[in-house]
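Participant: This is the structure I want to talk about, given as structure tokens.
Bear in mind these aren't lab numbers, they're just calculated from the coordinates by the rules spelled out. Every value quoted in this text rests on a predicted model; they were computed, and no experiment measured them. Cβ sites come from the backbone with ideal geometry, for glycine too, and all protein chains shown count toward neighbours.
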Amino acid sequence: MEIRYHGHATVELVIGDAHVWIDPYLSDNPLAKVKADAVRADYIVLTHGHSDHTGDALALAERHKATIIATFELASYFGAKGANVHPMNLGGAHRFPFGTVRLVQAFHSSSLIEEDGRIVYLGMPAGAIIEAEGTVLYHAGDTALFGDMKLIGELYRPRIAFLPIGDNFTMGPEEAVVAAEWLGRPRVIPIHYNTFPVIVQDVDAFVRNLKERGIEGLALSPGESLSV
């Protein structure tokens, strides 16, 4: 499996022949090195409805006939726009050709603002547990720190965790260190930081703080990849 980080919370997984995207936000992402018209997608996992996580989901789904995997309300929203969707909900898992996706809770919000300014409610936010090729990944989405991360660690034992550290909209670096401990000390790849001024963080300091607690942190630069 190859993990490609594209800045913000956008992660691309290459699993065999499948390109699986988590929260594709490329076209308006100031950190992304590639744009949506230059990539391939087979499946798209969405953690919640905010535009900095769903920005290119519909375009990728339409262009590649990719399947959007999301909570019921969010999947239904994109299904009504013509996308192929697979609706799920928190606590549920489903086996796809590339591996298993399980949605778990996150503490955030989930909505989109339509062109007329109307806010569309899109269900509960989620984190995603993806198990493929013998590796368990946890993408926390946008979330605050919450105690059931201990349970996620006990039940699913993620090997790699994508954790937001930007603060303001999500947990900050200090809380993300606690999350890493509660999750069972997986390798941590920080996400959701430095995209906008309000979420700028010292990622090197975060990695050092993890190391002091015996946890490996890996700050991937946008466009950088990792094989696991």
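Participant: Could you list which residues have their amide H under 5 Å from that of THR67, counting only those 5 or more apart in sequence or on another chain, with H placed in the peptide plane?
Facilitator: Here TYR43, ILE44 satisfy the definition.
Participant: For LYS33, go through the lysines and keep the ones whose alpha-carbon is under 25 Å away, minus same-chain ones fewer than eight residues off.
Facilitator: Cross-link targets: LYS65.
Participant: Hey, can you grab everything whose amide H is under 5 Å from the amide H of THR143? Only 5+ residues off in sequence or another chain; H modelled, so Pro and N-termini drop out.
Facilitator: Those qualifying (amide H under 5 Å, at least 5 residues apart or on another chain) are MET171.
Participant: For the range 1-129, just say rounded, prolate or oblate: build the C-alpha gyration tensor, square-root its eigenvalues into a ≥ b ≥ c, call rounded for a/c under 1.5, and beyond that prolate if a/b exceeds b/c, oblate if not. Mind dumping the intermediate values first?
Facilitator: Numbers: a/c = 1.44, a/b = 1.10, b/c = 1.30.
Because its axes are fairly even, with a/c under 1.5, the range 1-129 counts as rounded.
Participant: With volume of the Cα convex hull per residue in Å³ as the read-out, I listed [x] 127; [y] 110; [z] 183; which label goes with the value calculated from this structure?
Facilitator: [y]
Participant: Straight-line reach from LYS150: which aspartates and glutamates fall under 12 Å, measuring Cα to Cα and dropping same-chain residues less than 8 apart?
Facilitator: Output for LYS150: GLU181.
Participant: A further question follows. Could you give each residue of the range 107-115 its phi-based ³J(HN,Hα) in whole Hz, using Karplus coefficients 6.51, -1.76, 1.60 with θ = phi - 60°, and x for Gly or Pro?
Facilitator: Working through the residues one at a time gives 10, 6, 9, 7, 6, 10, 9, 6, 4 Hz.
Participant: Just want the answer: with Cβ charges of +1 for Lys and Arg and -1 for Asp and Glu, which residue in HIS108, ILE69, MET1 is farthest toward the dipole's positive end in the range 1-115?
Facilitator: So the residue we want is MET1.
Participant: About the Cα centre, and with charges only on the beta carbon of Lys, Arg (+1) and Asp, Glu (-1), how big is the dipole of the range 1-92? Nearest 20 debye, please.
Facilitator: Its charge dipole is roughly 120 debye.
Participant: Using the Cα centre of the chain as the reference point, and only Cβ charges (+1 on K/R, -1 on D/E), how large is the resulting charge dipole? Debye, rounded to the nearest 20. Intermediate values should be presented prior to the final figure.
Facilitator: On the way: 18 positive and 28 negative charges, 109 e Å.
That gives the chain a dipole magnitude of about 520 debye.
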